[in-house]
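**Student:** Before we start, here is the structure in question, set down as structure tokens.
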Amino acid sequence: MEKYDPARIEQKWQQIWDENADKWRAKDFSDKPKFYTLFEFPYPSGDGLHMGHLRGQTAVDVFARKKRLEGYNVMTPIGWDSFGLPTENYAIKYKIQPSVATKENIAKITKQEKMLGYFLDWDREIDTSDPKYYRWTQWIFLQLFKHGLAYKADIPINWCPKDKIGLANEEVIDGRCERCGALVIKKKVSQWMLRITKYADKLLDGLKDLDFPERVKTQQINWIGRSKGAKIRFDIIPTATSVIPAKAGIQTSDSDWIPGQARDDNNGRRITDNKFLEVFTTRPDTLFGATFMVVSPEHNVISNLRPQISNLHEVDSYIDQAKCKSDLERTELNKDKTGIEIKGIKAVNPINGEEIPIFIADYVLSTYGTGAIMGVPAHDERDWEFAKKYDLEIKQVVAPFYTTTAGEDAIRPDKETVERKMICAIVKHWKEDKIYCLNWEKFGWHSFVLGGIDDGETAEEAAKREVIEETGYQNIESIEKISIVTHNNFFARHRDENRYSISECFIVTLADGSHHEPEIEHTKNHTGVWKDRREIKSYLNQPSNKYYWDQYENGETAFDGHGIIINSGEFNGQKSEDAIKNITDKLTEDGSGESSVSYKLRDWVFSRQHYWGEPMPIVFCQNCKKLIENSKLEIPNSNKIQNQKFKIQSHNFTLGEIQNPGWIALNDDNLPLVLPKVKHYEPTDDGKSPLSKMTDWVDTTCPKCGGPAMRETDTMPNWAGSSWYFLAYALNQNSDLKSQNIGNTFKEKQKELAYWMPVDVYEGGMEHTTLHLLYSRFWNEFLYDIGVAPVKEPYEKRVPHGIILASDGRKMSKSIGNVVRPDEIVSKYGADTARTYVMFMGPHDQTLAWDDKGISGVWRFFKKVWENMQKAEGSADPKIESILQHLIVDVSSDIEQFQLNTPVAKLMEFNNILLKQKTVSNETKSVFLRLLYPFAPHLCEELWEINKFDDNIYLSNWPKPDKSKIKDEKVNIVIQINSKNRDIIEVESGLADDKLTEQAKSRPKIKAILDGKSISKTIIVKNRLINFVT
RNA sequence: GCCCAGGUGGUGGAAUUGGUAGACACGAAGGACUUAAAAUCCUUUGAUGGUAAAACAUCGUGCGAGUUCGAUUCUCGCCCUGGGCACCA
């Protein structure tokens, strides 16, 4: 027998598979059922493949190889996501053309891919930076534009004032430029945006039927963040000292628009009015509690009302400061809220006419809702903090409501309900860390001191009186109110009536221990007990008391739950749920608000001021701009996605062109708009893409009117190319899509698309859940709406993988120097070992720290497989055959669920059994090799050949279990007494309960323990355990 | 801070989804083979107590409570680690 030599056999089989690719590669319209597997295509960086690729791609290859043996026509395509920052930075640093660097990197990674022995559809290879590919990306962008889903807006970017370049978030470290360390500021830049928000509901609905892990769905749902509520308009009035001149110097334009959900109409324009401030809230029921308003620093109310603002200087400097902070820094809850009042104006609460101050504060983001909020400190935590800091009124309008619906305290419909005003007192010991509690023995209640408020008495007076009466302690040192009032509804057994209590809570500190025995009339239902502070939480069993204790212990906070409306005029007594509707209705009637839906999802910033990306196939034409603006054309307001044409004079304009006056799409025939070569890849001093320096490229003619026009010099973000690549694979464009008319080709390839889509399994990193996965679903749904994509949802099933950390538990990073690369392992142990070990390391969807110590285990495993599979043929051992059938079932279902560590363990276990055998039957060898094959294809292929089995293993069939070979088995049954393991017996599987009980009781050990005890209960779990409870 | 995960021996992990916790593998210790090393093979390996050795007993799945005959698994509260937070891919 030769030695196991992976280097030799891996090369040999890779060549054979390559030469016979026709036999296993995906074919359009094969007789076999199709199966489309997909992994996230790699970014061809200079570093080559990393561990994440190895993990993801191996999992897909294992799965796909099994599927092929099961008779599917499996596609596992590969391509390159090659536009992006790292290559551009590399180009700047080494003065190499990005396209050249990309080609080199692709060649390098291709070699690595082949070395790992993956079955890949190389005939479908794509490259996002190839003009043959990106002409389609450009075409899709134009479709989005034509359908009114692309628009220009002023969006802040990270700007390094020293280097004079825009920075990616990643390039900003602690608010400073990664390269030069200068403080980064926000600079507004006119950018292309995609209206993904218009697809928010579709993206939510689409999730329902998809086979995505729950956590992926939840994360997308939360990211989209749909919330129902109301828009409410607060009039703005001048304070006594200033007067607002009508519409003074106020302009309405698109550039005022801040992305988000603040729009009423569908054409990207915001109706700006200086006379009111619009807020979005999910809690219109708290409107009476609004005691101030806050606008974000970006809000246009500031620029619109400059003449009225009396402290402009202060306001402006605050805005400047806010520019330096990221959203993350601004919203950090533990940080001190900052803000200042805008003096000279006030807002009027539309529900009660109250005049309230307006603040500017950076904890309000311009990107969510309308960029302005009503401050309801009693019922919102952030507002609470802000109000505390700036000493603003806190007005409770919702009372926590505790109602008892079960048990002896449940409300009884046959009894009268009596409303009472109550107090609750947390009585503190004068010296020790103890609280005085009441134990209502007869009723089972544990509470603080409770009592009613008598006529003519204030709540505080009542609290003092009740404390003295009920506890007998005479001297109160201090009394302090907890601001939130609660409502409670329950059956009061001690009074035989339903009680509706409105309860206030006081913290009463005793001065000393001077004590008179309380009168019996006050204490007949309960006894008083001093409880240690730490025991209180578990001692109390009255919900409102628990709430008060929580407020006392952890400090008072806003009550943000639903409850009963108070201090709200005609809405008093309503439940929050009803008041939300009723107050919204009232506002709608008055014209000062309406119900509305808001999303956390924001529109997609689609521009980059960089070189290495897809050029935007669009030009700016002054003539056309004037033509459109002078036409005074009304922009239709429709939710439908349609490609509407608008005729102005002799020209047809698309919806996008009407919405973005002057911006004219290139004709399809002019695609691709090829990225021109430039001398320098650095952005210009004013932050524009290096393309802007190429005046002979920028200056062009308008495809619409033929007049002079300028090209857009921004490029698309890296996400663009990856948002439709799954369709590109199905298009199989390398075979016959050389030079056809772009606009029609998608339609001509409908059959191919319909055959392959949707992707059956999409494997990828958890870190892509909210961006790439959502963006690509958006594009696909859009393409579906315009009749290009055959299915609504592109991915049937999503399988996430966890990242592989370095052995030190940190992310692998070149700068730390803790990177391990797949190459190193392959060259040492071979591809089969590398593949199998990375599967064996741990559950596929979990984060793992790399540890190369374990590799030798897989290596030894394969050496033993090598020997076992070359043992002399022997007759089949029925015991081993039986175990083998279980192995088939287990390995099959594990692989199907992408649980790829356990099948390896089970195969090892079986191999260890074979180790003890002198001979192995051909049947066992054949099944075992096929089960191991997806993990270690080269090894199994070689052993298949050595055993002279038919054909090649890659053309064989996936084994099926043969039930007739499964023998009746013995099982071990644990005998427990009171759930403690006491003994274990072996019986035949499926033994009847009474026989098992008998056998178990007859065991001497069990007998001894059970002696003299009576068994109250016997619990039997089939084939697992028997438990005697005494 | 917000959203989503995870926490089990010295290490990576397993556990039929509420039923023998630690499969499989690494590492370590001892032994065999060898002039020696590597490779290979055999034995032991959660902790503590116990025994000459066993038997056996107690504890043990981040911490604290709860539900249950029984909890790594379910519920609540807390601590820690990782992923994402919109211009990295």
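The values are calculated or read from the model by the stated rules, or taken from the named source; none is laboratory data. This structure is a prediction, so every number in the text was calculated from the model and none was measured. Heads up, the Cβs are rebuilt from the backbone with ideal geometry, glycines too, and the neighbour counts pull from every protein chain shown.
**Student:** Only residues that are among the hydrophobic types (A, V, I, L, M, F, W, C) and without any contact (Cβ under 8 Å) to a residue 60 or more places away in the chain: list them for region A:193-238, please.
**Tutor:** Matches in region A:193-238: A:LEU204, A:LEU207, A:ILE221.
**Student:** Can you find even one residue in region A:95-114 that is away from RNA strand B (no atom under 16 Å from the Cβ), in contact with a Ser or Thr (Cβ under 7 Å, 6 or more places away or on another chain), among the polar types (S, T, N, Q) and without any contact (Cβ under 8 Å) to a residue 60 or more places away in the chain?
**Tutor:** Within region A:95-114 (the criterion being away from RNA strand B (no atom under 16 Å from the Cβ), in contact with a Ser or Thr (Cβ under 7 Å, 6 or more places away or on another chain), among the polar types (S, T, N, Q) and without any contact (Cβ under 8 Å) to a residue 60 or more places away in the chain), the answer is no, since none of the residues qualifies.
**Student:** Here is a list of conditions, (1) in contact with a Lys or Arg (Cβ under 9 Å, 6 or more places away or on another chain); (2) of a type in the set (A, V, I, L, M); (3) part of a loop (DSSP other than H, G, I, E, B); (4) closer than 19 Å to A:PHE141 by Cβ, and A:VAL678 meets all of them except one; can you say which number that is?
**Tutor:** With (1) in contact with a Lys or Arg (Cβ under 9 Å, 6 or more places away or on another chain); (2) of a type in the set (A, V, I, L, M); (3) part of a loop (DSSP other than H, G, I, E, B); (4) closer than 19 Å to A:PHE141 by Cβ applied to A:VAL678, the lone miss is (4).
**Student:** Taking the stated definitions as given, is A:ASP890 within 12 Å of RNA strand B (Cβ to nearest atom), in contact with a Lys or Arg (Cβ under 6 Å, 6 or more places away or on another chain) and modelled with pLDDT of 95 or more?
**Tutor:** Taking the combined requirement at face value, the residue satisfies it.
**Student:** Report every pair of residues separated by at least 6 positions or lying on different chains whose Cβ atoms are under 7 Å apart, first residue within region A:803-816 and over 16 Å from A:ASP852 (Cα atoms) and in a strand (DSSP E or B), second near RNA strand B (Cβ under 9 Å from one of its atoms) and among the aliphatic types (A, V, I, L, M).
**Tutor:** none
**Student:** For the list (1) surrounded by fewer than 20 Cβ atoms within 10 Å (Cβ to Cβ); (2) polar (S, T, N, Q); (3) farther than 30 Å from A:PRO297 by Cβ, I need the number of the one condition that A:ASN158 fails.
**Tutor:** Only one criterion in (1) surrounded by fewer than 20 Cβ atoms within 10 Å (Cβ to Cβ); (2) polar (S, T, N, Q); (3) farther than 30 Å from A:PRO297 by Cβ is unmet by A:ASN158, namely (3).
**Student:** Could you grab me the full set of residues in region A:399-419 that are part of a strand (DSSP E or B) and either out of contact with any strand residue (DSSP E or B) (no Cβ under 9 Å at 6 or more places or on another chain) or surrounded by 16 or more Cβ atoms within 10 Å (Cβ to Cβ) (or both)?
**Tutor:** Of everything in region A:399-419, those that are part of a strand (DSSP E or B) and either out of contact with any strand residue (DSSP E or B) (no Cβ under 9 Å at 6 or more places or on another chain) or surrounded by 16 or more Cβ atoms within 10 Å (Cβ to Cβ) (or both) turn out to be A:ALA399, A:PRO400, A:PHE401, A:TYR402.
**Student:** Here's a follow-up. From the list A:VAL279, A:VAL294, A:VAL348, A:VAL315, which one is at pLDDT 85 or above, of a type in the set (Val, Ile, Thr), in contact with a Ser or Thr (Cβ under 9 Å, 6 or more places away or on another chain) and closer than 25 Å to A:ASP391 by Cα?
**Tutor:** Answer to the check: A:VAL279.
**Student:** Restricting attention to region A:51-88, and to residues there that are closer than 27 Å to A:PHE840 by Cβ and among the aromatic types (Phe, Trp, Tyr), which single residue is farthest from RNA strand B (Cβ to nearest atom)?
**Tutor:** Only one residue fits best here, namely A:TYR72.
**Student:** Quick check on this structure: which one of A:ASP31, A:ASP47, A:ASP18 is under 24 Å from A:SER892 (Cα atoms) and surrounded by fewer than 20 Cβ atoms within 10 Å (Cβ to Cβ)?
**Tutor:** It is A:ASP31.
**Student:** It is to be established whether one or more residues within region A:971-992 are basic (Lys, Arg), over 30 Å from A:TRP24 (Cβ atoms), in a strand (DSSP E or B) and within 16 Å of RNA strand B (Cβ to nearest atom).
**Tutor:** yes
**Student:** Within the group A:GLU763, A:GLU781, which residue is assigned to a strand (DSSP E or B) and modelled with pLDDT of 95 or more?
**Tutor:** Being assigned to a strand (DSSP E or B) and modelled with pLDDT of 95 or more holds for just one of A:GLU763, A:GLU781, which is A:GLU763.
**Student:** Shifting gears a bit: Cβ-Cβ below 7 Å, separation at least six or inter-chain, first residue in region A:1004-1027 and assigned to a loop (DSSP other than H, G, I, E, B), second buried (at least 17 other Cβ atoms within 10 Å of the Cβ) and of a type in the set (Val, Ile, Thr): which pairs?
**Tutor:** Close Cβ pairs satisfying both conditions: A:ARG1024/A:ILE973.
**Student:** Restricting to region A:726-747, and then to whatever is in a helix (DSSP H, G or I) and of a type in the set (S, T, N, Q), can you tell me which residue is modelled with the lowest pLDDT?
**Tutor:** Out of the qualifying residues, it is A:SER735.
**Student:** Starting from residues that are more than 7 Å from RNA strand B (Cβ to nearest atom) and surrounded by 13 or more Cβ atoms within 10 Å (Cβ to Cβ), keep the ones in region A:801-816 and report whichever is modelled with the highest pLDDT.
**Tutor:** So, considering only residues that are more than 7 Å from RNA strand B (Cβ to nearest atom) and surrounded by 13 or more Cβ atoms within 10 Å (Cβ to Cβ), the one modelled with the highest pLDDT is A:HIS801.
**Student:** Now a separate question. When you look at A:HIS772, is it within 9 Å of RNA strand B (Cβ to nearest atom) and within 23 Å of the chain's Cα centre (by Cα), yes or no?
**Tutor:** Answer is yes for this residue.
**Student:** Taking the conditions exactly as written (surrounded by 13 or more Cβ atoms within 10 Å (Cβ to Cβ), in contact with a Ser or Thr (Cβ under 8 Å, 6 or more places away or on another chain), of a type outside the set (Ser, Thr, Tyr) and over 30 Å from A:PHE935 (Cβ atoms)), does A:ILE977 satisfy them or not?
**Tutor:** So A:ILE977 passes the test.
**Student:** Checking A:PRO615 against (1) in contact with a Lys or Arg (Cβ under 8 Å, 6 or more places away or on another chain); (2) under 30 Å from A:MET694 (Cβ atoms); (3) more than 16 Å from RNA strand B (Cβ to nearest atom): exactly one of these is not met. Which one?
**Tutor:** Condition (3) is where A:PRO615 drops out.
**Student:** Going through region A:842-877 one residue at a time, which ones are touching a helix residue (DSSP H, G or I) at 6+ places or on another chain (Cβ under 7 Å), of a type outside the set (Phe, Trp, Tyr) and not in a helix (DSSP H, G or I)?
**Tutor:** If the condition is that a residue be touching a helix residue (DSSP H, G or I) at 6+ places or on another chain (Cβ under 7 Å), of a type outside the set (Phe, Trp, Tyr) and not in a helix (DSSP H, G or I), then A:HIS844, A:MET869, A:GLN870, A:GLU873, A:ALA876 are the ones that fit.
**Student:** Within region A:684-710, count every residue that is assigned to a loop (DSSP other than H, G, I, E, B), touching an Asp or Glu at 6+ places or on another chain (Cβ under 9 Å) and closer than 22 Å to A:GLY84 by Cα.
**Tutor:** 2
**Student:** While we're on this one: Evaluate region A:849-860: report whether one residue or more is more than 40 Å from the chain's Cα centre (by Cα) and at negative phi.
**Tutor:** Yes, some residue in region A:849-860 is more than 40 Å from the chain's Cα centre (by Cα) and at negative phi.
Each row is one residue, and each column tells you yes or no for (1) free of Cβ contacts under 8 Å to residues at least 60 places away in the same chain; (2) more than 49 Å from the chain's Cα centre (by Cα); (3) part of a strand (DSSP E or B); (4) within 29 Å of A:PHE559 (Cα to Cα).
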| site | (1), (2), (3), (4) |
| --- | --- |
| A:ASN439 | no, no, yes, yes |
| A:LYS442 | no, yes, no, no |
| A:GLU460 | yes, no, no, yes |
| A:VAL467 | yes, yes, no, yes |
| A:SER503 | no, no, yes, yes |
| A:GLU521 | yes, yes, no, no |
| A:ILE536 | no, no, no, yes |
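**Student:** From the list A:ILE966, A:ILE985, A:ILE946, exactly one residue is surrounded by 12 or more Cβ atoms within 10 Å (Cβ to Cβ) and touching a His at 6+ places or on another chain (Cβ under 8 Å). Which is it?
**Tutor:** A:ILE966
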